[in-house]
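Visitor: Attaching a single structure in structure tokens format; questions to follow.
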Amino acid sequence: MSFADKLLQESIEGRTLCIAHNLKLESLFKLKLLEENDPQIREGIEACQQNNEVVMVSAIYSYLATLYLQQNNPHQAISILESNFDSLKTTKYVPYLAIFNSLLSQAHHEVGSNEQAEEYALVAIDEAKNINISNSSVNAYRVLYQIAESRGDHQMALQYHKQYAEADKAYLDDIKTKHLAFQLAQHQAAEQKSRIGLLDKQNNLLKIEQKLARSEAENNRLFIALLIAIITLLSFWGYKSWMTQKRLKQLAEFDALTGVFNRGHFTQLAQSALQYCENSDIYLSCILFDLDKFKTINDSYGHACGDWVLKRVADVCKVQGRSNDIFARLGGEEFCILLPGCDLLTATRLAETCRKAIAQLDTSDSGAEFIITASFGVTDAKLSGYDLEKITADADMAMYQSKHDGRNRTTVFGRALAIDNSEGNAGGNDDVSENRQGHLTL
């Protein structure tokens, strides 16, 4: 009953709800706590009828009929059993068919209908043959014995009485067997409890050993913690040292404002690249450019605006180039790009792309509106050789020729070629074209 109550407290429905009600009513019935007017009977019947659980409904009606018989109300018991007998027969469930027939035989005998009582009793006995031990056959034999005795058929009464006694004894023996099994389980539980007590004592000894082991482990943990602290401190010191070295390298190799290489590191990388290209007979080009009228920007809009221009110019040029190009700020507003493995035509096209990108910069983010342009000079190792000073000097000369010719243009060293942004000139084309005006002859 306790477990049935727990089940009914859950949010259950359907067949599970019907079973829970049936278990609760069966428990109350066998504990002799169930009364025929208990509202739980109606709740159980409705829950089982809604789910078409005919056997469960029949079980509840059998409890109710038994209560009516105990209250000397056999007519009510007959009414309940007969009104539900047809639906139970459709299930062909023998245990409850035997119970219904047994209860009907008892009820008809109490109202004096001995012929009907005898018929129901015989059917109950026949149905109970396939059930090992059943209270239905006990009640049926008792009714048959009483009917035979009332008729004066003492021989038949004696026979039925013997069968009744045997069935009753078997039924009681089954109950005793169940009680013995329960008691055996209790004894086994007590034995288990004793074993647990013994295990508790052994556990206490283990606890003492564990305390000693914990003390030793605590000492080991303290040692490990100290070791970890030392390792952590050394790791932190090493990390700080590495970060410091990285920072120093950053300061030594890169321009703090634009993020490109500074002049000193550019010189080292450029000399290595020149030597490698010379030894391997590989193309190498050099682009040098200078921002036009940069001093005017500084004077007009302030040095913060000038710094913004330098960073944006470096950003747009880095995007145009390759990852292995050597891009550096040589000082002030002057930049240089050394391009290993790049011929003069490709370098000139790159310079022109950078020039156009610079000219298209939107300066509104700087807080002022103005135009940024740059003058470019281009040369390569075939024209200027593999000496760093010579190749940069030639690119610088070409750049100054661009400034002399009106700025915002690209000039190739040593050839009558120039690309500018003036209206009607060759700057409108993507390729290098011959300067029709003869701007440069070096």
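The values are calculated or read from the model by the stated rules, or taken from the named source; none is laboratory data. Bear in mind the structure is a predicted one, so any value in this text is a computation, not a measurement. Virtual Cβ from ideal backbone geometry, glycine too; neighbours counted across all protein chains shown. Keep in mind that these areas ignore ligands, DNA and RNA; they rest on the heavy atoms of the full protein, side chains included. Shrake-Rupley method; radii C 1.70, N 1.55, O 1.52, S 1.80 Å.
Visitor: Restricting attention to the stretch 352-370, report how many residues are at pLDDT 95 or above and either more than 13 Å from residue 312 (Cβ to Cβ) or charged (D, E, K, R) (or both).
Guide: 4
Visitor: When you check residue 23 against the structure, is it open to solvent by 20 Å² or more (accessible area, probe 1.4 Å) and either among the aliphatic types (A, V, I, L, M) or touching a Lys or Arg at 6+ places or on another chain (Cβ under 9 Å) (or both), yes or no? Give the derivation first.
Guide: Details: open to solvent by 20 Å² or more (accessible area, probe 1.4 Å): yes; either among the aliphatic types (A, V, I, L, M) or touching a Lys or Arg at 6+ places or on another chain (Cβ under 9 Å) (or both): yes.
Yes, satisfied.
One line per residue, one yes/no per condition, for (1) open to solvent by 90 Å² or more (accessible area, probe 1.4 Å); (2) in contact (Cβ under 8 Å) with a residue 12 or more places away in the chain; (3) out of contact with any helix residue (DSSP H, G or I) (no Cβ under 6 Å at 6 or more places or on another chain); (4) not in a helix (DSSP H, G or I):
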| residue | (1), (2), (3), (4) |
| --- | --- |
| 12 | no, no, yes, yes |
| 28 | no, yes, yes, no |
| 32 | yes, no, yes, yes |
| 57 | no, yes, no, no |
| 75 | yes, yes, yes, no |
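Visitor: Checking the condition over 25 Å from residue 391 (Cβ atoms) and either without any contact (Cβ under 8 Å) to a residue 40 or more places away in the chain or not aliphatic (A, V, I, L, M) (or both), which residue from 331, 341, 302 passes?
Guide: Selected residue: 302, the only one of 331, 341, 302 that is over 25 Å from residue 391 (Cβ atoms) and either without any contact (Cβ under 8 Å) to a residue 40 or more places away in the chain or not aliphatic (A, V, I, L, M) (or both).
Visitor: Kindly evaluate residue 313 against the criterion of being under 23 Å from residue 405 (Cα atoms) and in a helix (DSSP H, G or I).
Guide: Taking the combined requirement at face value, the residue satisfies it.
Visitor: Would you be able to tell me the number of residues in the stretch 327-372 that are part of a strand (DSSP E or B) and within 49 Å of the chain's Cα centre (by Cα)?
Guide: 2
Visitor: If I go through the stretch 87-127 residue by residue, how many of them are assigned to a helix (DSSP H, G or I), of a type outside the set (Gly, Ala, Ser) and within 21 Å of residue 26 (Cα to Cα)? Steps first, please.
Guide: We begin by selecting, within the stretch 87-127, every residue assigned to a helix (DSSP H, G or I); these are 87-91, 94-111, 114-127.
Next cut, of a type outside the set (Gly, Ala, Ser) only: 88-91, 94-97, 99-101, 103-104, 106, 108-111, 114-116, 118-120, 122-123, 125-127.
Checking the rest, the ones that are also within 21 Å of residue 26 (Cα to Cα) come to 88, 91, 94-97, 99-101, 103-104, 106.
Adding up the residues that qualify gives 12.
Visitor: In the stretch 90-112, what residues are free of Cβ contacts under 8 Å to residues at least 24 places away in the same chain and closer than 14 Å to residue 61 by Cα?
Guide: Selection gives nothing.
Visitor: Any residue at all in the stretch 264-274 that is open to solvent by less than 60 Å² (accessible area, probe 1.4 Å), within 17 Å of residue 338 (Cα to Cα) and not in a helix (DSSP H, G or I)?
Guide: no
Visitor: On the basis of being more than 17 Å from residue 140 (Cα to Cα), among the polar types (S, T, N, Q) and open to solvent by 10 Å² or more (accessible area, probe 1.4 Å), does residue 83 make the cut?
Guide: yes
Visitor: Would you confirm whether any residue within the stretch 324-340 is open to solvent by 80 Å² or more (accessible area, probe 1.4 Å) and either modelled with pLDDT of 95 or more or not aromatic (Phe, Trp, Tyr) (or both)? Write out each step before concluding.
Guide: First pass over the stretch 324-340, keeping only residues open to solvent by 80 Å² or more (accessible area, probe 1.4 Å): 324.
Next, from what is left, pick out any that are either modelled with pLDDT of 95 or more or not aromatic (Phe, Trp, Tyr) (or both): 324.
Yes; the residues of the stretch 324-340 include at least one that is open to solvent by 80 Å² or more (accessible area, probe 1.4 Å) and either modelled with pLDDT of 95 or more or not aromatic (Phe, Trp, Tyr) (or both).
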